[in-house]
Every structure is written in C-alpha cells, then in structure tokens.
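A.B. asks: Structure in structure tokens, see below.
FYI, it's all coordinate maths here, none of it is from the lab. Here the structure is a predicted model, which is why all the values come from computation and not from measurement. Positions of Cβ are generated from backbone atoms using ideal geometry, with glycine treated the same way; all protein chains shown enter the neighbour counts.
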Amino acid sequence: MSMKPTLSTAPAKAVEAGLLERRAAVKGILGDTKDMLIVTGLAGSKDDALAAAGDVPTLFTLSGAMGAAAAMGLGLALAQPKKRVVVVTGDGELLMNVGTLATIGVMNPPNLSILCVDNARYGETGWQESHTGRGVDIAKMAEGGGIKQVRTVTKETEIADASKMLRGSNGTSFILLKVAPTEPGKLHRDRDASYNKTRFRVAVLGKN
Amino acid sequence: MAEAPAWQDQLYDMLREFKVTQFSYVPDAGHRTLINRSIADPDVHSVSLTTEEEGVALQAGAHLGGARSVLLMQSSGVGNCVNFFSLIRHGRFPFLTLVSMRGDFGEANPWQLAMGQSTQPVLEAAGITCLRAERKDEVLDVTRAGCTMAYQSEAAVAVLLTQKLLGAKSFSTE
C-alpha cells in the first residue's frame, strides 16, 4: 500500500508549543503595509493578509481561481516597478500552480516578494493534510525555480530578518512561513472581484 | 524554418501601438515572430510561462497595475486556462489572447483534433468573444478589432489565428 496522508479533519484547538501562530507571524513579517500592493490566495492566507493590512483598496483577494495569486503578483510587479508587491498565499494555493515559481525565478522582479503561509493543511475543505505535511518543501521548490532569496521561518526569532528580506530590492524573495494548523477566524471582505479591482486601480493609478 | 510572413511583424507593431508591454507565452511556432520581437524589444517584458493559465493571471495583475498584457498561446493551451477564465469573467478584467490554432483546417496529427475542435466552444462558454482570422488580408483588421475591444472596451477577446491562415504543420503522408 502506498503511503497515505495522516487523517486530519479539524484545525488544532491551540498553537502547539514551538510552532508559530499564523496571524501574528504574518503581521510580524509584513510589518507596515501602507506602501505595499498585496495579492492574496484564498481562505486562510486571505484572512491573514486582511488582518494585517486591514480592508484597504491596495489588497486584491482571491476567492476562486486557485493557483493564480503568484502570477497575478508577477503581472502587477512588472506593471508597477516602483511599488513593493507582496503575494500572501498558502501551501495548497501555491502547489496548484507551482510552475509559476520558475516563471517568477527567471523574471526576478526586485519589487516582488512571496509569503507562503504553510499550515500543511487544506483548511477550507476540511483540514486534509497537504503535501507539505508529508515532506514536500516549497522553499526548495522556490530555490529550484531560480528564486535567489529564499528562507524558511519556523521561529519567532526569525521573523525580523524575514521581514527585512521581504522589503529588500536585490531580486524576488520568497518566505516559507511554517505555522500551526489553527483556525483564527474568518474575516469579512466583499468577494466582488470587479469592485475590488476597480478600487485597487483607483488607489494605485488615481483612476480606473 | 521558412521566412515569417510580413503580417506577423505588423501584428507586433500593432500591439506596441496599443501600448502592450507584457507579452506572455508558452513557446509556439505560430507565434515565433511575436515572441522573438518581444525578446528583442528592450521596452517590453517577455514572459515565458510554464503553463498558459499563468498568462491569464499575469494579465489580470498587469491590469491592476495599469499595464497592458497579451497572452500568446496555441489552442491546446486554452484547455489549461479554463478555471482562471473565471477571474477574468467574474472580475470583468480586460483580456486579450492570440491563439494559434491546431486541430482545425488540414490537421495531420490526430492528438491535436480534440482540443483544437473544442477551443472556440470552450472560450465562448467562459465568456470570451472569439474573432477568427482566416486570411492574410484580414488578420490585421481582425486583431485590431480584438485590441480595441479588449483594451478600450475592457472586453475578453480571443483572436483565433486559424490553420487556413497559418498553414497546417506537415507530417509524413504515410
């Protein structure tokens, strides 16, 4: 019999000692989001970004098109080279289109950073274990994809350096943030992508 | 390789007139002039994709940042894009793709037939308007119409460069 996933059906009730709590860790790494343009994945990572940045117009959140966040961030980073563009996504969302790491690696826009919040679960669909819970390392995939600045964050003490790297301009950076599989609560945001697109453009371009 | 026809260079010049600055593609013989021109042009980004759906998301991201992008793909790539078309349709993003057709007029590789014949129905089911170019004397007008609809009316448009226009790839006749 081939190796099966560990059966997992619910989030952890509390953050296990030694693991990072996702909301605080994402907030710590993003820091001041005032000048950032942020594209998020779905579900958990969207809520983490929303908690850190607030419901600001310069945040584009996906509630579908899973796997699109990183490539959207690339298009935005190439279009707005003077702005810091951050993709905040999850392990499942990124794995769905992991080839984008190679597309980004060869383009290497210095104003693009990817923060992958890795809880090793598909939280939205019932907390099933993801590949990263079974030995798959997305940071190595990012390195293999040609992204030069890659780091994995597992401890509180690593957050400040990672935050600095995220804002650096030596090329695209990638941070794999390993977090506890907790459910810190869903946040409301309008899911109308057309509305969110328009207010994003007005904020960035001064017009739609 | 035969010399590329003049209209392909004119097509590139037209896209630049429309201020397209992001050319994304999975390498394809039908688009080689556009791809090569984008590589040689210092004023545009030439984005080689691992799968065509990245180009759909790239275009949406470009629009968020006020830039114009075009996706160059073969008809088989349309099948790779389907779920990402929901981003275009639901978000009412402008979208332009130039599709070099396989599996239509005179196709000799049976593997190309299924996706080639599904291409236009799939695009239309996803809410993307298809404009077909079958002759050299219409390809520039058809593409200009597509550019105008996508970049000025913010519509989602696919220009299908058919095998009548491009010629079918030849295989041994045995």
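A.B. asks: From the Cα gyration tensor of segment B:24-77, with a ≥ b ≥ c the square roots of its eigenvalues, which class applies: rounded if a/c is under 1.5, or else prolate if a/b is larger than b/c, or else oblate?
C.D. replies: Because a/c hits 1.5 or more and a/b fails to exceed b/c, segment B:24-77 counts as oblate.
A.B. asks: Please report, in debye to the nearest 20, how large the charge dipole of segment B:6-165 is about its Cα centre when each Lys and Arg carries +1 at its beta carbon and each Asp and Glu carries -1 there.
C.D. replies: Around 120 debye, computed over segment B:6-165.
A.B. asks: Which value results for Rg/Rh of the protein assembly as shown when Rg is the Cα radius of gyration and Rh the Kirkwood radius based on the inverse mean 1/r?
C.D. replies: Expressed as Rg/Rh, it is 1.00.
A.B. asks: Right, something else. Taking the beta-carbon count within 10 Å as an exposure proxy, list A:187, A:101 from fewest neighbours to most.
C.D. replies: A:187, A:101
A.B. asks: Residues with amide H under 5 Å of residue A:84's amide H, sequence separation 5 or more or different chain, H placed in the peptide plane at 1.01 Å from N; which?
C.D. replies: Those qualifying (amide H under 5 Å, at least 5 residues apart or on another chain) are A:37.
A.B. asks: Given +1 on the Cβ of Lys and Arg, -1 on the Cβ of Asp and Glu, and no further charges, what dipole in debye does chain A carry about its Cα centre, rounded to the nearest 20?
C.D. replies: The calculated dipole for chain A is roughly 540 debye.
A.B. asks: In nm, to one decimal, how far is the modelled label at residue B:131 from the one at residue B:111, with both set 7 Å along Cα→Cβ?
C.D. replies: Output for this residue pair reads 3.3 nm.
A.B. asks: Over chain B, with a Gaussian network built from C-alpha contacts below 10 Å, which listed residue (B:50, B:162, B:119) shows the highest mean-square fluctuation?
C.D. replies: Checking each option, the largest mean-square fluctuation is seen for B:50.
A.B. asks: Taking the beta-carbon count within 10 Å as an exposure proxy, list B:43, B:13, A:118 from fewest neighbours to most.
C.D. replies: Going from sparsest to densest Cβ surroundings: B:43, B:13, A:118.
A.B. asks: Then there's this: Hey, what do the phi angles of segment A:39-48 turn into as Karplus ³J(HN,Hα) couplings, whole Hz, using 6.51/-1.76/1.60 and θ = phi - 60°, x for Gly and Pro?
C.D. replies: 10, 10, x, 9, 6, x, 5, 4, 5, 4
A.B. asks: Rounded to the nearest 500, what is the 222 nm mean residue ellipticity of the protein assembly as shown from helices alone, with -39500 (n - 2.57) per DSSP H run of 4+ residues and division by all residues?
C.D. replies: Theoretical 222 nm ellipticity from helices: -11500 deg cm²/dmol.
A.B. asks: Further, regarding this structure: Collect residues whose amide H, placed 1.01 Å from N in the peptide plane, falls under 5 Å from the amide H of residue A:60; neighbours closer than 5 in sequence don't count.
C.D. replies: Answer set, sorted by chain and number: A:38, A:39, A:40.
A.B. asks: Same structure, new question: Please turn the phi angles of segment A:147-156 into ³J(HN,Hα) values with the Karplus equation 6.51 cos²θ - 1.76 cosθ + 1.60 (θ = phi - 60°), one per residue in order, whole Hz, x for glycine and proline.
C.D. replies: Whole-Hz 3J(HN,Hα) from phi for segment A:147-156: 6, 7, 9, 10, 8, 10, 10, 10, 10, 3.
A.B. asks: Only counting other Cβ atoms within 10 Å, I'd like B:171, B:23, B:93, B:105 sorted with the fewest neighbours first.
C.D. replies: B:171, B:105, B:93, B:23
A.B. asks: Using the Karplus equation 6.51 cos²θ - 1.76 cosθ + 1.60 (θ = phi - 60°), what ³J(HN,Hα) coupling, rounded to whole Hz, does each residue of segment B:39-56 give in order, writing x for Gly and Pro?
C.D. replies: 5, 7, 8, x, 9, 10, 8, 10, 10, 7, 9, 8, 8, 4, 4, 4, x, 5
A.B. asks: Which residues in segment A:34-51 place their backbone N less than 20 Å from a point set 7 Å from the Cα of residue A:188 along the Cα-to-Cβ direction?
C.D. replies: The answer is A:43-51, whose backbone nitrogens lie closer than 20 Å to the label point.
A.B. asks: Return the long-range amide H neighbours of residue B:96 (sequence gap of 5 or more, or a different chain), with a cut-off of under 5 Å between placed amide H atoms.
C.D. replies: HN-HN under 5 Å from residue B:96: B:71, B:157.
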